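Every number in this text was worked out from the coordinates using simple rules, so none of it is lab data. Computed from a prediction, not measured in an experiment: that's the story for all the values here. Here the Cβ positions follow ideal geometry from the backbone for every residue, glycine too, while neighbour counts run over all protein chains shown.
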Amino acid sequence: MKLHIQHTTSYRYEEDVAHSTQYLRLTPNDTARQKILSWNLRLPVVASRTIDAYGNVLHVITVDYPHQDIVIEAEGYVEVEDSAKEDADGLSPLVFLRSTLLTKPDSALIEFALPEARLAREQPEKAALNVMERLRTRMSFHPGETNVYTTATEAFLKRQGVCQDFAHIFLALARSLNLPARYVSGYLYTDRSEHVASHAWVEIWQKDYWLGFDVANGVPTGHQHLKLAVGMDYLDACPVRGVRTGGGSEILKAQARVCLVHDQ
């Protein structure tokens, strides 16, 4: 499947910002299941490019003059295979057994995962599928009830959230079963207009490869999922994250559009 992605993030500030720095994980990597045909960033200043600790492409922009707005645009074409598998990379999967502040399980989460403990040792993929199916019977997709700093335990208690909450809860459950699991940010193609193109899911380690689980939709990942970045949780893999000095209140607008390309 060939996809065309357009993603715009804009900030508008109440007052002049004296200095701001944005960390951008907006450039996908080539993998066995996705091939980047073209990709461009349009930024207000020249960016420095590096590779972060998780292998993500990281651009950093610093605006060191007074400003009241920033516009960041990403656009590209990508071919994605219909597979949930990702090859192993240079980082040990054992790194992804650690909990974070957003994914640390409490007793309720540990108890919820416990029925799959034996199966997780023998058939990790089946155990992960079971956990995902059970989680979706408990949780409902409901925007506006959580934010980017809502923890897995808080969202689990609320029984509702968005894709990043489903991912954080699934990470907590999987790691409590001793299954290495990592957060994935990216884009989702769908012909349903009510779905948001920016998305998050989870990859679980399966002996010698990663397997993707779209927990919010209850399906394995496939050719409709384009991966941007991975990490321990949202804060490691979010497409845009920044700090600033001054500016007062801000208005943030983010819009992503993913279209299917029909070659002629």
Mean separation of Cα contacts under 8 Å, 6 or more apart, over the residue count of the stretch 75-232: relative contact order %: 30 percent
Degrees separating the helix 124-138 axis from the principal Cα axis of the chain, which is the longest one: 70 degrees
Environment charge at LEU177 (Cβ cut-off 9 Å; Lys +1, Arg +1, Asp -1, Glu -1): +1
Calculated [θ] (222 nm, deg cm²/dmol) that DSSP helices of n ≥ 4 give over the chain, each run adding -39,500 (n - 2.57): -5500 deg cm²/dmol
Coil-residue trypsin sites (Lys or Arg not before Pro) of the stretch 119-209, DSSP, other Cβ within 10 Å capped at 10: ARG192, LYS207
The stretch 85-237 - charge dipole about Cα centre, Lys and Arg +1 at Cβ, Asp and Glu -1, debye rounded to 20: 320 debye
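Residues with beta-carbon under 11 Å from that of GLN206, excluding GLN206: net charge, scoring Lys, Arg +1 and Asp, Glu -1?
Values: positive: LYS85, LYS126, LYS207; negative: GLU86, GLU125, GLU203, ASP208.
Neighbourhood net charge equals -1.
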Amide H contacts under 5 Å for GLN68, placed H, 5+ residues apart: VAL17
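About its Cα centre, what dipole magnitude does the chain give when the only charges are +1 on Lys and Arg Cβ and -1 on Asp and Glu Cβ, stated in debye to the nearest 20? Intermediate results must be reported in sequence, preceding the final value.
Values: 27 positive and 33 negative charges, 96 e Å.
Using Cβ point charges on Lys, Arg, Asp and Glu, the chain gives about 460 debye.
Taking loop as defined by DSSP and a crowding limit of 16 other beta carbons within 10 Å, which chymotrypsin sites (Phe, Trp or Tyr not before Pro) in the stretch 126-207 fit?
Details: sites: PHE141, TYR149, PHE156, PHE166, PHE170, TYR183, TYR187, TYR189, TRP201, TRP205; in loops: TYR149, TYR189.
Of the chymotrypsin sites (Phe, Trp or Tyr not before Pro), the ones in loops of the stretch 126-207 whose Cβ has at most 16 other Cβ atoms within 10 Å are TYR149.
With an 8 Å cut-off on Cα pairs and a minimum separation of 6 or more residues, tell me the relative contact order of the chain in percent. Let's see the in-between values first.
Numbers: 603 pairs, mean separation 80.4, N = 264.
Averaging sequence separation for qualifying contacts and normalising by length gives 30 percent for the chain.
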Charge dipole of the stretch 85-237 about the Cα centre (unit charges at C-beta), most positive-ward option of HIS225, ALA117, VAL95: ALA117
When each of LYS85/LYS253; LYS126/LYS207; LYS35/LYS253; LYS35/LYS104 is checked by Cα-Cα distance, pairs over 23 Å: LYS85/LYS253; LYS35/LYS253; LYS35/LYS104
Mean separation of Cα contacts under 8 Å, 6 or more apart, over the residue count of the stretch 110-185: relative contact order %: 33 percent
With Cα atoms, 0 to 90° folded angle of helix 163-176 axis to the chain main axis: 40 degrees
Span from the the stretch 31-52 Cα centroid across to the the stretch 85-124 one, whole angstrom: 30 Å
Leading residue at positive end of dipole, the chain (Cβ point charges), from TYR187, ASN130, TYR54: ASN130
